[in-house]
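**Q** The structure follows.
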Amino acid sequence: MSTATADGAATPGRASSAPPANGPSAKKPKSVMGTRPWLAAVFLLPALVLLGALVVYPIGYSVYRSLFDASGNGFVGLDNYQEMFSDDATKTAIKNNIIWLILAPTVSTALGLIFAVLTERIRWATAFKLVVFMPMAISMLAAGIIFRLVYEQDPDKGVANAMWVSVHDSFSESPPFPGAHPRPAAGTTESSSGAYTTNATLKAGSPTSLPLVAAKRDDISDAQDAKAAKPEAGKVTGTVWFDFTRGGLGKEGAIDKGEKAMAGLKVEAVKDGKVVGRATTAADGTYTLPAKAEGAQLRLPAWNFSEPYNGIDWLGPSLVTPAIIGSYVWIWAGFAMVLIAAGLAGVPRELMEAARMDGANEWQVFRRVTVPMLAPVLSVVVVTLMINVMKIFDLVYIIAPDPSKDDANVLALQLYQSSFGTDVNQGLGSAIAVLLLLLVMPIMIINIRRIRRESRR
Amino acid sequence: MHVSLPTKRSTRAAVALLAAGALMLTAAGCGGDDGDTVSGGPPPNTVQLPNLKGQKLQVTAVWTGTEQENFTKVLKEFEKRTGAKVSFVPSGDDMAGFVGSKVAGGAPPDVAMVGQVGVMREFAQKGWAKPLDAPARAQLAKNFSKGWQDLGSYQGKPYGVYFKASNKSLLWYNTSAFDYAGAKVPKTWPEFLKEAQLVSDSGTDAVAVGGQDGWTLTDWFENVYLSQAGPEKYDQLAQHKIKWTDPSVKKALETLAELWGTKGLVAGGRGGALHTAFPDSVTKTFGDKAEPEAGMVFEADFVAANVADAGAELDQDAQVFPFPAVGADAPVVTGGDVGVALKNTKAAQALLTFLASPDAGTIWAQSGGFISANKNVKFSAYPNASMRKIAQALIAAGNDFRFDMSDQAPASFGGKPAQGEWKALQDFLKNPRNVDGIQRQLERDAAKAYKN
């Protein structure tokens, strides 16, 4: 106010024109700042009230609230901040936010750049851009539900695993008895890869039999009855069979009447870690190994029992954050592309033509001309996405399943979980909000500086 | 259905809703049979109600859809007998929030049907709920065992009527898987493990565990703990008067590990179980009749709905047996909705009196999807053998049942995904050997949530 009147001091009687009741002052047009500060204030008021009520007051109240306990009555000083930083959940959230901050904007921008540059050259550019931009029209919530299904573990339900499994399975043949395993009492050791090796050694002339259980109904239903292998001089023999009788009536470890043979199993004789003989069980479950298997251990390779390949555990603890970032990129790459394409349209063609005339190849044109010319646009896109990513919530909330929600935690989600519900601490939630604000601040400052620099140009 | 709902309450509500719907469908499907059973017969008239002509009454509950329809039938009968006009307002999942805002606005509904015992106590403590009057107390005393009466009381005063109950100590099995394996229904935990091993040996994984939803795991633990450590310890643990590092907890976890940690007993292995949401665990057991992925699945009576969703027939493809006894007695863990008056009017009290009578319970029981804790509701009122068996087990428990422990705990320990007990038991399912570590984790979270 004082500066305003100082400016107007050149005109005598200015001060008296300030009161609102002064009619004649309307006749003297003055500069906005120079005259009638109350009018300026009136015009500013709506914006100030809105900003104050919707931005400044909530920020101030969050800071204030973060100094109080769950009930909001007891002053606790900085205890909430201390609790926040000693909590593993918040540490994971900060770590994940950093991963998000680095990966999501850069990948989205890089993909957007590639799409924008490539679509310049193709005939159906608009159609292609439309398709890439389409996910932007889907709400984050809907996109989250879509990707929850895409990442579903079961290859019959999740597209990601359906593709992965079909690629994987075209290179392997299917095992005879997925899920089966020897009886725990049969004296075998399971290796980490899932192969079973007998503890006892093989002897020629004395059959070694191995009882298995848990063969699937379909796999065993057509099998013959198992036969005890006959001892053969100079040969190692034995039977592998399904040691199961309905109701558990059979004797465990003995080939009871009616128990089925397990045909087509691969068996190996292993001596000192080396395979000395190989065989496949016959239709009656028997196998025959050469004499040199004497003294070796019998091994059933893991392949026999391997369950159908189930694909990648996309939403497991280790991959959940990258998987969710993937869904984010799916949405925002289109946004990056559109902005970059607009910037690209403003890049003078002559520069590229000139570079080509000078003998630069396409990569060099892209690397040395296009990208530098696009730098301002690229930085706008990256910074916008960075601010956007800091507050990421919905995708994580929806896509991460409960058991790996901890591993996918981000600050906004942690804020929500500690603030809302029946048994919560809004003081702690406010402290996280303040932390989030402080973390966004540097990016905001960079952004504001950049805008100023550009407007000065 | 693959996206698990964020809250336990809503999942259950949805599930229960489906249950009711499914049972309605099966009831309708039977067509001609309906006339032969007691279902559909007129309800008994055992209770004296005052004349309330011209009075208006508002009732709120979380129920929607078929459940709301069936409850409306009960309310209609009340209107017929008293002349009062009753309107039903669905509260949404957050009953505490809904009632809280209505009380703040000065116009609470007359009666609320509350799903968690903790919330009812909170209402009573804040003075929102009003104690039952003499006629309602008389009905309550006549029809409910002391355990249910106490559960509806706060500081010795009766406030609530447990109108709708659920029995959470049930195992459902695929009859074809049991038949193929020659397995029998087990009565004790060792028998259960033996039969589970037999089913597993026959080539079907024994038990489907819906480990992606933490609440199914807390229900497992509660059943084992209640049967093994006994009701007194159960109550102490529920109030956090004993620590989670107590040897009794260790024993219960080790007992659970006998099942969760043995190869072939948990469908899809432990990793697979953690990816299985509750509805999927039922589908695994009943989805494929010829070669199911699992032989048994555990959870409350609302499983009936998912069984129907999976395309299996209750009583025929799917049967149910009580949770086996780990200690001396088989456990009975329950949940339920309790009716409380929020205004001290004659009409509100009359409605609670009616809900406490066998008349009201019979009406909904006949419609299906409902278990009553009222011992004078005749078992013949239930529409099929499985529901009858579940109700019998609940009534037979007398006072020796316990309310879901995690529903009694503060929400941050017993009621929220990815934290507290839900998360700890998921970690335990991941690594059943880490008993001590899990106990420490449980105790740390419990101490924080109970603030002691």
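**Q** With a 10 Å radius around each residue's Cβ, average the other Cβ atoms per peptide and rank A:119-130, B:150-161, B:340-351, B:218-229, highest first.
**A** On the way: A:119-130: 12.0, B:150-161: 19.3, B:340-351: 21.4, B:218-229: 24.8.
So the order, starting with the most tightly packed, is B:218-229, B:340-351, B:150-161, A:119-130.
**Q** If you don't mind, another one. In degrees between 0 and 90, to the nearest 10, how far off the longest principal axis of chain B does helix B:358-367 point, with axes built from Cα atoms?
**A** Compared with the principal axis, the helix lies near 50 degrees.
**Q** Report the full-extension gain for the segment A:V371 to A:D222: residue separation times 0.36 nm, less the Cα-Cα distance, to one decimal in nm.
**A** Details: separation 149, 0.36 × 149 = 53.64 nm, distance 6.62 nm.
Gain on extension, A:V371 to A:D222, equals 47.0 nm.
**Q** Note the angle between two axes, namely the Cα long axis of helix A:426-456 and the longest principal axis of the Cα atoms of chain A, as a number of degrees from 0 to 90, rounded to the nearest 10.
**A** Helix A:426-456 sits at roughly 60 degrees to that axis.
**Q** I want to check the label-to-label distance for A:V49 and A:S318. Put each point 7 Å from Cα in the C-beta direction and report it in nm to one decimal.
**A** Distance between the two pseudo-spin positions: 5.9 nm.
**Q** Lys/Arg Cβ at +1, Asp/Glu Cβ at -1, dipole of segment A:181-305 taken about the Cα centre: which of A:L249, A:A269, A:G238 is farthest positive-ward?
**A** It is A:A269.
**Q** Okay, next question. Taking only C-alpha pairs under 8 Å that are 6+ residues apart, what is the relative contact order of chain A in percent?
**A** Value for chain A: 21 percent.
**Q** Right, another one. Set Lys and Arg Cβ to +1 and Asp and Glu Cβ to -1, take the dipole of chain A about its Cα centre, and tell me which of A:I98, A:G60, A:P178 lies farthest positive.
**A** Highest projection toward the positive end goes to A:G60.
**Q** For the pair B:E69 and A:K230, how long in nm is the line joining their label points, each one 7 Å along Cα→Cβ?
**A** 7.1 nm
**Q** Still on this structure, I have one more. Which FRET efficiency, nearest 0.05, do A:L437 and A:A110 yield, Cβ-Cβ r, R0 25 Å?
**A** With a Förster radius of 25 Å, E is 0.30.
**Q** Evaluate the Debye formula for the protein assembly as shown with equal point scatterers sitting on the alpha carbons, no solvent, and hand back log10 of I(q)/I(0) at q = 0.04, 0.05, 0.11 Å⁻¹, in q order, two decimals.
**A** Debye output, listed in q order: -0.27, -0.41, -1.33.
**Q** If you don't mind, another one. Can you sort B:T188, B:T334, B:T362, A:T288 so the residue with the fewest Cβ neighbours within 10 Å comes first?
**A** Numbers: B:T188 15, B:T334 23, B:T362 28, A:T288 18.
Ascending Cβ contact count within 10 Å gives the list B:T188, A:T288, B:T334, B:T362.
**Q** For segment B:58-118 and segment B:244-278, what is the centre-to-centre distance using only Cα atoms, to the nearest Å?
**A** That distance is 39 Å.
**Q** Measuring from centroid to centroid over Cα atoms, what is the spacing of segment B:161-225 and segment A:84-106 in Å?
**A** Computed from Cα coordinates, the inter-centre distance equals 40 Å.
**Q** Further question: Just want the ordering: B:H240, A:H181, from fewest to most Cβ atoms lying within 10 Å of their own Cβ. List each step's numbers first, then the result.
**A** On the way: B:H240 19, A:H181 22.
Least crowded to most crowded, the residues run B:H240, A:H181.
**Q** Compute, for segment A:181-305, the length of the dipole vector about the Cα centre, with Cβ point charges of +1 (Lys, Arg) and -1 (Asp, Glu) only. Units Debye, rounded to 20.
**A** 220 debye
**Q** Taking the simple approach of a point 7 Å from Cα along Cα-to-Cβ for both A:W363 and A:R452, what is their distance in nm?
**A** The answer from the label model is 4.1 nm.
**Q** Okay, next question. Taking the Cβ of each residue in B:S367, A:S71, A:S306 as the centre, tally the other Cβ atoms inside 10 Å and list the residues starting with the fewest. Let's see the in-between values first.
**A** On the way: B:S367 23, A:S71 9, A:S306 16.
Result, fewest neighbours first: A:S71, A:S306, B:S367.
**Q** For helix A:140-150, what angle does its Cα long axis make with the longest principal axis of chain A, in degrees from 0 to 90 and rounded to 10?
**A** Once rounded, the angle reads 10 degrees.
**Q** A further question on this structure: What does the charge dipole of chain A about its Cα centre add up to, to the nearest 20 debye, if the Cβ of each Lys and Arg holds +1 and the Cβ of each Asp and Glu holds -1?
**A** The dipole magnitude comes to about 2080 debye.
**Q** Right, here's the next one. Hey, what did segment A:181-305 get for relative contact order, percent, Cα under 8 Å, at least 6 apart?
**A** It comes to 29 percent, rounded to a whole number.
**Q** Shifting gears a bit: Could you please state, rounded to a whole Å, how far the C-alpha centre of segment B:401-452 is from the C-alpha centre of segment A:262-302?
**A** That distance is 48 Å.
**Q** If you average 1/r over all unlike Cα pairs in chain B and invert the result, what Kirkwood radius do you get in angstrom?
**A** 22.3 Å
**Q** Hey, with R₀ at 35 Å, roughly what FRET efficiency would B:T245 and A:Y416 work out to, going by the Cβ-Cβ distance, to 0.05?
**A** The pair B:T245/A:Y416 has a calculated efficiency of 0.70.
**Q** Could you grab the relative contact order for chain B? Cα pairs under 8 Å, six or more apart, rounded to a whole percent.
**A** Contact order relative to length: 26 percent.
**Q** Now for a separate question. Could the peptides A:357-368, A:336-347, A:217-228, B:108-119 be put in order, highest first, of the mean number of other beta-carbon atoms found within 10 Å of their residues?
**A** Put in order of decreasing packing, that is B:108-119, A:336-347, A:217-228, A:357-368.
Bear in mind these aren't lab numbers, they're just calculated from the coordinates by the rules spelled out. Everything numeric in this text was worked out from a predicted model, so none of it was measured. FYI the Cβ positions are ideal-geometry reconstructions off the backbone, even for glycines, and counts take in every protein chain you see.
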